[in-house]
Amino acid sequence: MYVRLKLLGTLSSCYPGHYPPAGLNIEIAAGATVADLVERSGIAQERVAIVTINGVLAKAGDRVPENAVVKFMQPVTGG
Amino acid sequence: MRFLRVNMTDQTIRSEEVAEAYKTLGGRALTSIMVQSEVPATSDPLGPENKLVFAPGYFTGTTLVNTGRLSVGAKSPLTGGIKESNVGGTVAFSLARLGIAAVVIEGQCADTSFFLHIEADGSAGLVEADHYQGMRTYALVEQLRQIYGDKKSITCIGPAGDMQLLSASIQSTDLDGRPCRAAGRGGLGAVMGAKGLKALIIDQGGKTAAEIADSESFKTAARSYAKAVKEDEFSGQILPELGTAALVEPINAAGAFPTRNARVGQFEGAEKISGEAMAELIKSRGGRTTHKGCSQCIIDCSNVFVDKKGDYVTSSLEYETIWSMGGMIGNDDLDSIARLDFLCDDIGLDTMNTGVAIGIAMDAGYRSFGDGTAAIALVEEVATGSEIGRAIGNGPVAVGKYFNHDRVPTVKGQSIAAYDPRALQGMAVTYATTPMGADHTAGWVVAQNLEAFGGTINPHKAEGQVELSRDSQIHMAAVDSVGICDFAQSGLASEEGMANVHTMYAAKSGLSFAGDDWRELGVKVLKAERAFNRGAGFTAKDDRLPSMFYTEPLPPYNVVVQVSDEEMASTFDF
Ligand code: SF4
C-alpha cells in the first residue's frame with residue numbers, strides 16, 4: 001500500500017535529488033507503524049520528533065493507514 | 001560600568017557607578033530588582049513614580065555569541081504588575097560598549113517630548129523632540145539617521161506609544177538600521193510616551209571593553225558555547241533556513257495553534273503560512289530567508305520579506321506574528337500578515353496583543369475572520385486615534401469591553417501567545433503563573449510536550465506540568481538576565497553547556513559561580529517580581545486563566561485545561 005510522506009523543516013534535505021513539495025509517495029507493508037515508516041525513510045529516528053497521520057499526532061507504534069498523509073517534523077526548541 | 005539616570009521632570013542626567021547590589025546583575029535581574037526596590041508597587045504606571053529601565057544582559061558586550069539582548073523593565077500599564085520585555089537588535093551591544101549597565105528613565109515630562117542622545121564618549125543629553133510627536137518609527141529613524149548619521153542604535157516609540165496605548169511597543173533598530181525589533185509586551189511603549197521620551201539615540205562607537213576578571217577562561221567557555229549553538233540542528237540549520245516560522249507546522253500538528261480567537265487548535269490554512277511556505281515565497285521573490293537581526297548573532301533567524309516586485313515589506317516575520325495576524329484572525333495570506341507586521345512595527349504596537357485584539361473584534365462579529373484587508377484597516381485606525389482604533393491599541397481586554405464580548409484570551413490583561421494552553425498544559429501553567437501576564441518566553445515548555453512522538457510528558461494532562469513550568473520559569477529568568485537569546489539556548493542544553501555558563505559567570509564576576517547558583521539567580525528574580533506584584537495587589541486568584549480555557553474543549557483533541565487552582569498555586573513553592 002502507498003502513503004504520502006511530507007518532510008518538514010530541513011528534513012527534506014535528507015532526500016537525495018529533488019524533493020517534491022507535495023511529498024513522496026512511499027510503498028509500505030500493510031500494518032506498518034510510524035516507527036517502521038521512519039526506518040523506511042532512512043532518516044535517523046532522533047531527527048524525527050513529531051509525526052502526524054492525516055493531521056493528527058501519532059505515536060511510534062501507531063499503524064499507518066493506506067493513502068494516509070504523514071508528516072515528519074524535527075525537534076523544536078526556543079520560544 | 002555605570003548607570004545613567006535621566007530625570008524627565010527637570011531634564012537632568014546623572015551618571016553613577018553601579019551600586020554594589022547590582023554589580024553582578026544584568027538584563028532582567030537588574031531591571032526587575034531595580035523596579036521592585038525603586039518603584040512603589042501601587043504607583044500609576046503612566047505617572048512620574050514609575051521608572052523605565054533599559055539594561056543589556058550581564059554577558060552583553062563580551063565575546064559570547066547571541067548576547068545582543070536588551071531587557072526593558074517597568075511597572076506595566078497593561079498588566080498593572082512588573083514587566084520585563086526583551087528585545088534584540090543593536091542597542092544592547094551599543095550600550096554595553098559605552099560601559100552603561102542601565103539607562104534609568106525617571107520622573108515625567110507631560111508637555112514636551114525629548115530624544116536622549118548618548119554619544120561615543122558616553123556623554124548624554126536630552127534634545128527637544130515635540131516636532132516628532134505622532135511620527136511613525138520608520139520615518140522617525142530615517143530622519144534621525146539623516147541628522148545623527150548611520151552609526152547609531154535607535155530605540156523609539158511610534159504613535160501608539162505617544163498616545164500611551166496599552167499595547168504600545170518599544171521598537172529598536174536591527175543591524176540594517178530598521179526599527180523592526182520590538183520590546184512588544186506589557187505596553188512599555190506607553191510608559192516611554194508618558195515619560196515624554198520619543199527615542200534613545202545611542203552611538204555605536206563605544207570602546208569600553210567588558211570587565212572580565214578572568215578573560216582566558218571566559219573566552220574558552222564562550223568558544224565552546226558557540227560551537228554547540230552551531231552544531232545543534234534547530235539553531236544551526238532550521239532557524240537559519242526557516243526562522244521561528246518553522247514552528248507553525250509542529251504547533252498546528254499539536255492542535256495548539258489558537259485559531260479564530262482560540263475556537264479551534266488547528267488552522268486549515270496552516271500549510272499556506274508555514275515556515276516552509278514562507279521560505280519558498282521569500283526565495284522566489286528575491287528576499288532573504290537567512291538574516292542577522294541582532295549584534296553578535298551566529299544563528300541568523302531573521303528574514304527580509306519582500307512583495308511581488310521584490311520590494312521590502314518587513315523584517316523579521318516571526319512565528320508569533322504569523323500566528324496572531326494569521327491563525328488567530330483566520331487569515332492564510334502571508335502578504336497581508338507581512339503588511340500587518342510592518343504596520344505594527346511602524347505604529348509601535350505589540351503584534352501579539354494587537355492580533356488577538358483584532359481576533360476578538362472578529363469573534364464579536366465586527367469584521368469577518370480571514371479578512372486580512374479589514375485587519376490592516378483596523379491597525380491603521382490605531383494610528384488615527386479613533387474610538388475603535390484606541391480600543392484595538394489598548395488590547396484584548398479593551399476590545400472585549402468595547403464589544404461586550406467575554407471570549408478574551410488574556411492573563412493579567414495580556415494576550416496569550418501562539419500556544420493554546422489546553423493542548424499544551426505546561427503553557428497553561430506558565431501563562432497563569434508568570435509575574436509577566438500570559439507570556440510564552442517566561443517558561444516555554446513546548447519541547448517536552450511534543451518530543452519523541454507525542455511528548456515525554458502528556459501535553460493534555462496536568463501531571464508533571466507544574467514542575468516543568470516552574471523549572472523553565474526559573475531557568476528563563478536567569479537566561480533573560482545574562483542576555484542570551486532564547487534561540488541560542490542550544491548552547492546550554494547539555495551539562496557541558498551549563499558548565500560553560502557557570503564558568504563565564506565566574507570568569508566575568510571574579511566570584512565563584514557553580515552548582516545551584518544559576519537556579520538561585522532565577523529564583524531571586526522571580527521572588528522580586530512576585531513581591532512587586534503582591535504589593536500591587538495581585539493574589540493567587542490572578543494566577544488563573546480565563547474561563548474559556550476551562551470550559552470550551554479545544555478541537556481537534558477536545559481538551560480543556562486540567563491543571564487545578566491548587567496545582568497552579570504550588571508553582572512558586574520556594
Ligand atoms: S537568533 Fe534571531 S532573535 Fe536571536 S540573536 Fe539571532 S537574529 Fe536575534
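Condition test on B:SER113, is it among the polar types (S, T, N, Q) and either exposed (fewer than 13 other Cβ atoms within 10 Å of the Cβ) or more than 13 Å from B:LYS198 (Cα to Cα) (or both)? First the steps, then the outcome.
Working: among the polar types (S, T, N, Q): yes; either exposed (fewer than 13 other Cβ atoms within 10 Å of the Cβ) or more than 13 Å from B:LYS198 (Cα to Cα) (or both): no.
It is false that B:SER113 is among the polar types (S, T, N, Q) and either exposed (fewer than 13 other Cβ atoms within 10 Å of the Cβ) or more than 13 Å from B:LYS198 (Cα to Cα) (or both).
Since B:CYS180 meets every condition but one in (1) surrounded by fewer than 24 Cβ atoms within 10 Å (Cβ to Cβ); (2) at pLDDT 95 or above, which condition does it not meet?
With (1) surrounded by fewer than 24 Cβ atoms within 10 Å (Cβ to Cβ); (2) at pLDDT 95 or above applied to B:CYS180, the lone miss is (1).
Can you pull out every residue in segment B:432-465 that is within 13 Å of another protein chain (Cβ to nearest Cβ), not polar (S, T, N, Q) and not in a loop (DSSP other than H, G, I, E, B)?
Result: B:VAL446, B:ALA447, B:LEU450, B:GLU451, B:ALA452, B:PHE453, B:GLY454.
Just one of the numbered conditions (1) of a type outside the set (D, E, K, R); (2) over 21 Å from the mean Cα position of the chain (by Cα); (3) under 25 Å from B:LEU64 (Cβ atoms) is not true of B:SER481; which one?
(2)
Can you tell me which of B:MET1, B:MET8, B:MET34 is more than 16 Å from the ligand (Cβ to nearest atom), under 30 Å from B:GLU128 (Cβ atoms) and in contact with a Cys (Cβ under 9 Å, 6 or more places away or on another chain)?
Within the list B:MET1, B:MET8, B:MET34, the selection yields B:MET8.
In the set B:ASP480, B:ASP486, which member is within 16 Å of the ligand (Cβ to nearest atom), surrounded by fewer than 22 Cβ atoms within 10 Å (Cβ to Cβ) and within 30 Å of B:ILE347 (Cα to Cα)?
B:ASP486
Is it the case that segment B:47-57 has a residue that's modelled with pLDDT of 95 or more, within 16 Å of the ligand (Cβ to nearest atom), not small (Gly, Ala, Ser) and not in a helix (DSSP H, G or I)?
Of all residues in segment B:47-57, those modelled with pLDDT of 95 or more come to B:47-57.
In the following step, the residues that additionally are within 16 Å of the ligand (Cβ to nearest atom) were identified as B:56-57.
Now narrow it down to the ones that are not small (Gly, Ala, Ser): B:56.
Cutting the leftovers down to not in a helix (DSSP H, G or I) gives us B:56.
Scanning segment B:47-57, I find at least one residue that is modelled with pLDDT of 95 or more, within 16 Å of the ligand (Cβ to nearest atom), not small (Gly, Ala, Ser) and not in a helix (DSSP H, G or I), so the answer is yes.
Six or more apart or on different chains, Cβ under 9 Å: which pairs go from a residue in segment B:231-247 that's under 16 Å from A:LYS71 (Cβ atoms) to one that's β-branched (Val, Ile, Thr) and within 11 Å of the ligand (Cβ to nearest atom)? Could you list them?
none
Considering only residues that are within 20 Å of B:ALA55 (Cβ to Cβ) and either modelled with pLDDT under 95 or among the basic types (Lys, Arg) (or both), which ones fall in segment B:135-163?
Here is the first cut: in segment B:135-163, the residues within 20 Å of B:ALA55 (Cβ to Cβ) are B:152-157, B:161.
Passing the criteria: only B:LYS152.
Just to be sure, is B:SER472 more than 16 Å from the ligand (Cβ to nearest atom), buried (at least 20 other Cβ atoms within 10 Å of the Cβ) and within 14 Å of another protein chain (Cβ to nearest Cβ)?
Values: more than 16 Å from the ligand (Cβ to nearest atom): yes; buried (at least 20 other Cβ atoms within 10 Å of the Cβ): yes; within 14 Å of another protein chain (Cβ to nearest Cβ): yes.
Taking the combined requirement at face value, the residue satisfies it.
For residues in segment B:496-538 being aromatic (Phe, Trp, Tyr) and part of a helix (DSSP H, G or I), which is farthest from B:GLY437 (Cα to Cα)? Give the derivation first.
Here is the first cut: in segment B:496-538, the ones aromatic (Phe, Trp, Tyr) are B:505, B:513, B:518, B:532, B:538.
Cutting the leftovers down to part of a helix (DSSP H, G or I) gives us B:505, B:518, B:532.
Values: B:TYR505: 29, B:TRP518: 24, B:PHE532: 13 Å.
Selected residue: B:TYR505.
Yes or no, residue by residue, for (1) over 18 Å from B:PRO250 (Cα atoms); (2) of a type in the set (A, V, I, L, M, F, W, C); (3) in contact (Cβ under 8 Å) with a residue 12 or more places away in the chain:
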| residue | (1), (2), (3) |
| --- | --- |
| A:MET1 | yes, yes, yes |
| A:CYS14 | yes, yes, yes |
| A:ILE28 | yes, yes, yes |
| A:ALA49 | no, yes, yes |
| A:ASN54 | no, no, yes |
| A:LYS59 | no, no, yes |
| A:VAL70 | no, yes, yes |
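Go over the candidates A:GLU39, A:GLU27 one by one and state the one that is within 14 Å of chain B (Cβ to nearest Cβ) and of a type in the set (Asp, Glu). So that I can check it myself, show each step before the final result.
On the way: A:GLU27 fails: within 14 Å of chain B (Cβ to nearest Cβ).
Just one listed residue meets the conditions, A:GLU39.
Hey, can you tell me all the residues within segment B:236-258 that are within 16 Å of the ligand (Cβ to nearest atom), more than 7 Å from every other protein chain (Cβ to nearest Cβ) and crowded, with 24+ Cβ neighbours inside 10 Å?
Initial filter on segment B:236-258 (within 16 Å of the ligand (Cβ to nearest atom)): B:236-247.
Filter once more, so that each one left must be more than 7 Å from every other protein chain (Cβ to nearest Cβ): B:236, B:239-240, B:243, B:245.
Within segment B:236-258, B:LEU239, B:GLY243, B:ALA245 qualify.
Only one of (1) in contact with a Gly (Cβ under 9 Å, 6 or more places away or on another chain); (2) under 18 Å from B:PHE54 (Cβ atoms) fails for B:LEU166. Which number is that?
Every listed condition holds for B:LEU166 apart from (2).
Could you please give the count of residues in segment B:26-80 that are aliphatic (A, V, I, L, M) and either under 20 Å from B:GLY537 (Cα atoms) or without any contact (Cβ under 8 Å) to a residue 12 or more places away in the chain (or both)? Talk me through it step by step, then tell me what you get.
Of segment B:26-80, the ones aliphatic (A, V, I, L, M) are B:29-30, B:33-35, B:39, B:41, B:46, B:52-53, B:55, B:64-65, B:70, B:72, B:74, B:78.
From what's left, either under 20 Å from B:GLY537 (Cα atoms) or without any contact (Cβ under 8 Å) to a residue 12 or more places away in the chain (or both): B:33-35, B:39, B:41, B:46, B:74, B:78.
Total satisfying the criteria: 8.
Output the residues belonging to segment B:203-235 that are within 14 Å of chain A (Cβ to nearest Cβ) and in a loop (DSSP other than H, G, I, E, B).
Residue satisfying the conditions is B:ASP232 alone.
Residues of segment B:507-552 being surrounded by 20 or more Cβ atoms within 10 Å (Cβ to Cβ) and of a type in the set (Gly, Ala, Ser), which ones?
The answer is B:ALA507, B:GLY522, B:ALA528, B:ALA536.
Regarding B:ALA514, is this residue touching a residue at least 24 places away in the same chain (Cβ under 8 Å) and either out of contact with any Pro (no Cβ under 9 Å at 6 or more places or on another chain) or aliphatic (A, V, I, L, M) (or both)?
Working: touching a residue at least 24 places away in the same chain (Cβ under 8 Å): no; either out of contact with any Pro (no Cβ under 9 Å at 6 or more places or on another chain) or aliphatic (A, V, I, L, M) (or both): yes.
No.
Looking only at strands (runs of 3 or more DSSP E) that lie completely in segment B:259-323, which have at least 1 residues being away from chain A (no Cβ under 14 Å), within 15 Å of the ligand (Cβ to nearest atom) and free of Cβ contacts under 8 Å to residues at least 60 places away in the same chain? Walk me through how you get there before you give the answer.
Values: elements: B:288-291, B:302-306, B:312-314.
Strands (runs of 3 or more DSSP E) meeting the threshold: B:288-291, B:302-306.
Go through segment B:553-574 residue by residue and tally those that are surrounded by fewer than 21 Cβ atoms within 10 Å (Cβ to Cβ) and part of a loop (DSSP other than H, G, I, E, B).
12
The values are calculated or read from the model by the stated rules, or taken from the named source; none is laboratory data. Since the structure is predicted, the reported quantities are computational estimates derived from the model, not experimental observations. Cβ sites come from the backbone with ideal geometry, for glycine too, and all protein chains shown count toward neighbours.
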